[in-house]
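Asks: Mind looking over this structure? Questions follow.
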(Lines give C-alpha, C1' and ligand atoms only; values in the text may rest on other atoms or scores of the structure.)
Protein backbone atom coordinates (compact mmCIF):
# COMPACT_ATOMS: atom_id res chain seq x y z
CA UNK A 1 0.00 0.00 0.00
CA UNK A 2 2.81 2.40 0.86
CA UNK A 3 4.48 1.57 -2.46
CA UNK A 4 1.30 2.39 -4.40
CA UNK A 5 0.89 5.73 -2.60
CA UNK A 6 4.53 6.63 -3.29
CA UNK A 7 4.16 5.65 -6.96
CA UNK A 8 1.02 7.75 -7.46
CA UNK A 9 2.55 10.71 -5.63
CA UNK A 10 5.70 10.55 -7.75
CA UNK A 11 3.64 10.30 -10.94
CA UNK A 12 1.58 13.36 -10.02
CA UNK A 13 4.69 15.39 -9.13
CA UNK A 14 6.68 14.42 -12.24
CA UNK A 15 3.95 14.58 -14.87
CA UNK A 16 1.59 17.24 -13.58
CA UNK A 17 3.13 19.48 -10.91
CA UNK A 18 6.55 19.95 -12.55
CA UNK A 19 5.19 21.01 -15.99
CA UNK A 20 2.79 23.41 -14.32
CA UNK A 21 5.65 24.88 -12.28
CA UNK A 22 7.82 25.27 -15.41
CA UNK A 23 5.00 27.02 -17.28
CA UNK A 24 4.54 29.40 -14.35
CA UNK A 25 8.28 30.16 -14.14
CA UNK A 26 8.43 30.79 -17.90
CA UNK A 27 5.41 33.11 -17.62
CA UNK A 28 7.23 35.32 -15.12
CA UNK A 29 10.48 35.13 -17.16
CA UNK A 30 12.36 33.30 -14.46
CA UNK A 31 14.17 31.37 -17.16
CA UNK A 32 14.37 31.12 -20.95
CA UNK A 33 16.00 28.97 -23.58
CA UNK A 34 17.86 30.37 -26.58
CA UNK A 35 18.37 28.29 -29.70
CA UNK A 36 21.61 28.24 -31.72
CA UNK A 37 21.72 31.20 -34.13
CA UNK A 38 19.13 33.22 -32.18
CA UNK A 39 19.21 36.14 -29.75
CA UNK A 40 16.57 37.63 -27.45
CA UNK A 41 16.32 41.33 -26.62
CA UNK A 42 14.31 42.22 -23.49
CA UNK A 43 12.71 45.68 -23.43
CA UNK A 44 10.95 47.10 -20.34
CA UNK A 45 9.17 50.47 -20.37
CA UNK A 46 10.92 51.36 -23.65
CA UNK A 47 14.41 50.65 -22.27
CA UNK A 48 16.61 47.72 -23.22
CA UNK A 49 16.89 45.53 -20.16
CA UNK A 50 19.35 43.06 -21.63
CA UNK A 51 20.36 40.84 -24.53
CA UNK A 52 20.66 37.07 -24.30
CA UNK A 53 22.58 35.66 -27.27
CA UNK A 54 24.36 32.54 -26.02
CA UNK A 55 22.47 29.31 -26.81
CA UNK A 56 21.23 27.28 -23.85
CA UNK A 57 19.25 27.71 -20.64
CA UNK A 58 19.40 31.10 -18.92
CA UNK A 59 18.09 32.15 -15.49
CA UNK A 60 16.87 35.63 -16.30
CA UNK A 61 16.33 36.71 -12.70
CA UNK A 62 20.07 36.21 -12.13
CA UNK A 63 21.15 37.87 -15.39
CA UNK A 64 18.64 40.70 -15.72
CA UNK A 65 17.26 40.93 -12.20
CA UNK A 66 13.71 40.32 -10.84
CA UNK A 67 12.38 43.10 -13.07
CA UNK A 68 12.51 40.54 -15.88
CA UNK A 69 9.14 39.32 -14.56
CA UNK A 70 7.58 42.66 -15.58
CA UNK A 71 8.63 42.30 -19.22
CA UNK A 72 5.78 39.87 -19.81
CA UNK A 73 3.24 42.56 -18.86
CA UNK A 74 4.90 45.92 -19.54
CA UNK A 75 7.57 45.20 -22.14
CA UNK A 76 8.54 43.18 -25.18
CA UNK A 77 10.80 40.29 -26.09
CA UNK A 78 12.35 40.50 -29.57
CA UNK A 79 13.73 37.23 -30.93
CA UNK A 80 16.35 37.91 -33.62
CA UNK A 81 17.80 35.47 -36.14
CA UNK A 82 21.60 35.93 -36.11
CA UNK A 83 22.44 33.23 -38.66
CA UNK A 84 24.32 34.03 -41.87
CA UNK A 85 22.01 35.28 -44.63
CA UNK A 86 22.55 35.87 -48.34
CA UNK A 87 20.97 38.05 -50.99
CA UNK A 88 21.40 38.66 -54.71
CA UNK A 89 20.68 42.01 -56.38
CA UNK A 90 20.05 41.67 -60.09
CA UNK A 91 21.00 44.04 -62.89
CA UNK A 92 22.20 47.20 -61.13
CA UNK A 93 22.68 49.74 -63.93
CA UNK A 94 26.05 51.45 -64.42
CA UNK A 95 27.52 53.34 -67.38
CA UNK A 96 31.01 52.57 -68.57
CA UNK A 97 33.64 55.14 -69.44
CA UNK A 98 32.59 54.73 -73.08
CA UNK A 99 28.93 55.39 -72.21
CA UNK A 100 27.72 51.79 -72.55
CA UNK A 101 24.87 50.89 -70.15
CA UNK A 102 25.74 47.69 -68.28
CA UNK A 103 23.91 45.58 -65.70
CA UNK A 104 25.71 44.13 -62.66
CA UNK A 105 24.43 41.28 -60.50
CA UNK A 106 25.81 41.60 -56.96
CA UNK A 107 25.73 38.80 -54.38
CA UNK A 108 26.41 39.55 -50.71
CA UNK A 109 26.13 37.85 -47.33
CA UNK A 110 25.47 39.35 -43.91
CA UNK A 111 24.51 38.49 -40.34
CA UNK A 112 23.08 40.49 -37.46
CA UNK A 113 25.94 41.35 -35.11
CA UNK A 114 24.25 43.88 -32.82
CA UNK A 115 20.57 43.02 -32.21
CA UNK A 116 19.85 46.30 -30.38
CA UNK A 117 21.04 48.46 -33.29
CA UNK A 118 19.19 46.19 -35.71
CA UNK A 119 15.89 46.76 -33.87
CA UNK A 120 16.13 50.45 -32.96
CA UNK A 121 18.51 52.22 -35.38
CA UNK A 122 16.49 51.62 -38.57
CA UNK A 123 12.85 50.85 -39.32
CA UNK A 124 13.81 48.59 -42.26
CA UNK A 125 17.49 47.62 -41.88
CA UNK A 126 17.28 44.84 -44.48
CA UNK A 127 15.79 47.15 -47.10
CA UNK A 128 18.30 49.88 -46.26
CA UNK A 129 21.19 47.44 -46.65
CA UNK A 130 19.89 46.34 -50.07
CA UNK A 131 19.57 49.96 -51.18
CA UNK A 132 23.03 50.76 -49.82
CA UNK A 133 24.64 47.86 -51.71
CA UNK A 134 22.89 48.91 -54.92
CA UNK A 135 23.90 52.57 -54.50
CA UNK A 136 27.49 51.63 -53.61
CA UNK A 137 27.67 49.48 -56.75
CA UNK A 138 26.60 52.41 -58.93
CA UNK A 139 28.85 54.94 -57.18
CA UNK A 140 31.95 52.74 -57.13
CA UNK A 141 31.77 51.15 -60.57
CA UNK A 142 30.31 53.84 -62.83
CA UNK A 143 32.61 55.35 -65.48
CA UNK A 144 34.89 52.30 -65.38
CA UNK A 145 36.43 51.19 -68.70
CA UNK A 146 34.38 48.45 -70.38
CA UNK A 147 37.33 46.06 -70.58
CA UNK A 148 38.03 46.37 -66.85
CA UNK A 149 34.35 46.03 -66.02
CA UNK A 150 34.18 42.69 -67.82
CA UNK A 151 37.32 41.04 -66.44
CA UNK A 152 38.23 42.59 -63.05
CA UNK A 153 35.41 41.34 -60.81
CA UNK A 154 37.56 40.79 -57.72
CA UNK A 155 38.66 44.42 -57.63
CA UNK A 156 35.10 45.61 -58.27
CA UNK A 157 33.80 43.46 -55.41
CA UNK A 158 36.44 44.92 -53.07
CA UNK A 159 35.46 48.49 -53.99
CA UNK A 160 31.77 47.84 -53.31
CA UNK A 161 32.48 46.17 -49.96
CA UNK A 162 34.64 49.08 -48.78
CA UNK A 163 31.79 51.47 -49.58
CA UNK A 164 29.05 49.45 -47.84
CA UNK A 165 30.74 48.10 -44.67
CA UNK A 166 30.75 51.24 -42.41
CA UNK A 167 27.05 51.95 -42.95
CA UNK A 168 25.97 48.35 -42.44
CA UNK A 169 27.60 48.30 -38.99
CA UNK A 170 25.45 51.26 -37.91
CA UNK A 171 22.36 49.12 -38.54
CA UNK A 172 23.64 46.15 -36.53
CA UNK A 173 24.89 44.09 -39.48
CA UNK A 174 28.22 42.41 -40.00
CA UNK A 175 28.90 42.28 -43.72
CA UNK A 176 30.48 39.13 -45.15
CA UNK A 177 31.54 38.57 -48.74
CA UNK A 178 30.39 40.76 -51.62
CA UNK A 179 30.91 39.51 -55.14
CA UNK A 180 29.96 40.81 -58.58
CA UNK A 181 28.59 37.61 -60.09
CA UNK A 182 27.22 38.79 -63.42
CA UNK A 183 28.07 41.53 -65.91
CA UNK A 184 25.78 41.95 -68.92
CA UNK A 185 24.72 44.52 -71.51
CA UNK A 186 21.53 46.43 -70.74
CA UNK A 187 20.99 47.10 -74.44
CA UNK A 188 19.50 43.90 -75.87
CA UNK A 189 20.50 44.75 -79.45
CA UNK A 190 24.10 45.31 -78.45
CA UNK A 191 24.25 42.03 -76.53
CA UNK A 192 22.93 40.16 -79.57
CA UNK A 193 24.94 41.88 -82.29
CA UNK A 194 28.30 42.26 -80.59
CA UNK A 195 28.68 40.14 -77.42
CA UNK A 196 31.97 40.64 -75.63
CA UNK A 197 33.62 37.75 -73.81
CA UNK A 198 36.68 37.99 -71.52
CA UNK A 199 39.55 35.83 -72.76
CA UNK A 200 42.53 36.17 -70.42
CA UNK A 201 43.96 39.67 -70.32
CA UNK A 202 42.04 41.02 -73.33
CA UNK A 203 38.51 41.21 -74.72
CA UNK A 204 37.58 39.20 -77.80
CA UNK A 205 34.61 39.96 -80.06
CA UNK A 206 32.73 36.75 -80.81
CA UNK A 207 33.01 35.70 -84.47
CA UNK A 208 35.52 38.52 -85.11
CA UNK A 209 38.73 37.99 -83.09
CA UNK A 210 40.84 41.06 -82.59
CA UNK A 211 43.98 41.30 -84.68
CA UNK A 212 47.22 41.88 -82.77
CA UNK A 213 48.39 45.46 -83.00
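The values are calculated or read from the model by the stated rules, or taken from the named source; none is laboratory data. Keep in mind it's a predicted model, so treat the numbers as computed, not measured. Here Cβ is always computed from backbone atoms with ideal geometry, including for glycine, and neighbour counts include all displayed protein chains.
Asks: Select from region 25-36 the residues that are surrounded by 13 or more Cβ atoms within 10 Å (Cβ to Cβ) and in contact with a strand residue (DSSP E or B) (Cβ under 9 Å, 6 or more places away or on another chain) and write down the one among them that is farthest from residue 52 (Cα to Cα). Explain how you work it out, then say what you get.
Replies: Here is the first cut: in region 25-36, the residues surrounded by 13 or more Cβ atoms within 10 Å (Cβ to Cβ) are 25-26, 28-32, 34.
Next, from what is left, pick out any that are in contact with a strand residue (DSSP E or B) (Cβ under 9 Å, 6 or more places away or on another chain): 25-26, 29-32, 34.
Values: 25: 17, 26: 15, 29: 13, 30: 13, 31: 11, 32: 9, 34: 8 Å.
Among them, the one singled out is 25.
Residues are listed down the side, and each one gets a yes or a no for (1) over 30 Å from residue 185 (Cα atoms); (2) assigned to a strand (DSSP E or B):
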residue	(1), (2)
4	yes, no
14	yes, no
23	yes, no
41	yes, yes
70	yes, no
86	no, yes
94	no, yes
97	no, no
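Asks: Only one of these is in contact with a helix residue (DSSP H, G or I) (Cβ under 9 Å, 6 or more places away or on another chain), under 26 Å from residue 173 (Cβ atoms) and either exposed (fewer than 15 other Cβ atoms within 10 Å of the Cβ) or modelled with pLDDT of 90 or more (or both): 87, 97, 79. Name it.
Replies: From the options 87, 97, 79, the qualifying one is 87.
Asks: Restricting to region 25-39, what's the tally of residues that are assigned to a strand (DSSP E or B) and on the phi > 0 side of the Ramachandran plot? Before the answer, list the steps.
Replies: Step one: of region 25-39, the residues assigned to a strand (DSSP E or B) are 31-34, 38-39.
Still in the list and also on the phi > 0 side of the Ramachandran plot: none.
Residues flagged as assigned to a strand (DSSP E or B) and on the phi > 0 side of the Ramachandran plot within region 25-39 amount to 0.
Asks: In addition: Working carefully through the options 175, 159, find the one that is in a strand (DSSP E or B), modelled with pLDDT of 85 or more and surrounded by 15 or more Cβ atoms within 10 Å (Cβ to Cβ).
Replies: 175
Asks: Another one. Yes or no: region 134-149 includes at least one residue that is in contact with a strand residue (DSSP E or B) (Cβ under 9 Å, 6 or more places away or on another chain), assigned to a strand (DSSP E or B) and more than 30 Å from residue 39 (Cα to Cα).
Replies: Looking through region 134-149, none of the residues is in contact with a strand residue (DSSP E or B) (Cβ under 9 Å, 6 or more places away or on another chain), assigned to a strand (DSSP E or B) and more than 30 Å from residue 39 (Cα to Cα).
Asks: Against the definition (in contact (Cβ under 8 Å) with a residue 60 or more places away in the chain and either surrounded by fewer than 11 Cβ atoms within 10 Å (Cβ to Cβ) or more than 30 Å from residue 160 (Cα to Cα) (or both)), how does residue 41 come out, yes or no? Talk me through it step by step, then tell me what you get.
Replies: Numbers: in contact (Cβ under 8 Å) with a residue 60 or more places away in the chain: yes; either surrounded by fewer than 11 Cβ atoms within 10 Å (Cβ to Cβ) or more than 30 Å from residue 160 (Cα to Cα) (or both): yes.
Judged against the criteria, residue 41 is a match.
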